[in-house]
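Remarks on the structure that follows.
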Amino acid sequence: MSSEPSIRVPDEGLIAGVDEVGRGPLAGPVIAAAVILDGVRIIDGLRDSKELTARQRETLADIIKRDALAWSLGRAEATEIDRVNILQATLLAMQRAVAGLDPKPAAAMVDGNQGPRLECRVTTVVGGDRLIPAISAASILAKVVRDAEMTALDAIYPGYGFAKHKGYPTPAHIRALAELGPCPQHRRSFAPVRKLL
């Protein structure tokens, strides 16, 4: 007998899985992905992106882009996060991701306990990136894209270590922030950054 919670998956129409990456970092965008999986082209190995190596994520991201019925990305930049707060920016990124899907879903299953307002039905699933393959796929896509962007930002803003910690508040990042001060990608509304301004 499984100890996993019982999740009711909508049974009518196309279902999009939605997840985000980047709520916790002190710098960079929050990126959301929405994925509608193809019931015929099954993708093996989908799970929470945090349980995969970087190489596994990149391989799966390529397969998802190739074999999913539809996928789309949405984002909110550091300046938007500062303006509306991280929760609202996350929901905005999710709205943008779902809006980019073609065909449009009849329902969206969103990781977490808060979902964006969408034109389709929304079901939130705590731990959904472990339980719902479409959410796992969205988690993987968002993670691969954001990690690549943070690596690119490392070359533009050297010294912070973005390629290593991806903007998360590691001790090395906090030290660099104290030495160098915030760069344009830092979220001014987050306490460790705000106190240096």
Close pairs from segment 174-195: first on the phi > 0 side of the Ramachandran plot, partner surrounded by fewer than 19 Cβ atoms within 10 Å (Cβ to Cβ), Cβ under 9 Å, at least 6 apart: Gly181/Leu196; Gly181/Leu197
Residue that is farthest from Met150 (Cα to Cα) [pool: residues in segment 22-39 that are assigned to a loop (DSSP other than H, G, I, E, B) and touching a Leu at 6+ places or on another chain (Cβ under 9 Å)]: Gly39
So Thr59, is it part of a strand (DSSP E or B), surrounded by fewer than 17 Cβ atoms within 10 Å (Cβ to Cβ) and either polar (S, T, N, Q) or within 16 Å of the chain's Cα centre (by Cα) (or both): no
Members of segment 145-191 found to be surrounded by 13 or more Cβ atoms within 10 Å (Cβ to Cβ), in a helix (DSSP H, G or I) and of a type in the set (Lys, Arg), listed by number: Arg146, Lys164
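Only the coordinates and a few stated rules stand behind these numbers; no lab work does. Because the structure is predicted, anything quoted here is derived from the model rather than measured. Here the Cβ is made from the backbone with ideal geometry for all residues, glycine too, and neighbour counts use every protein chain on show.
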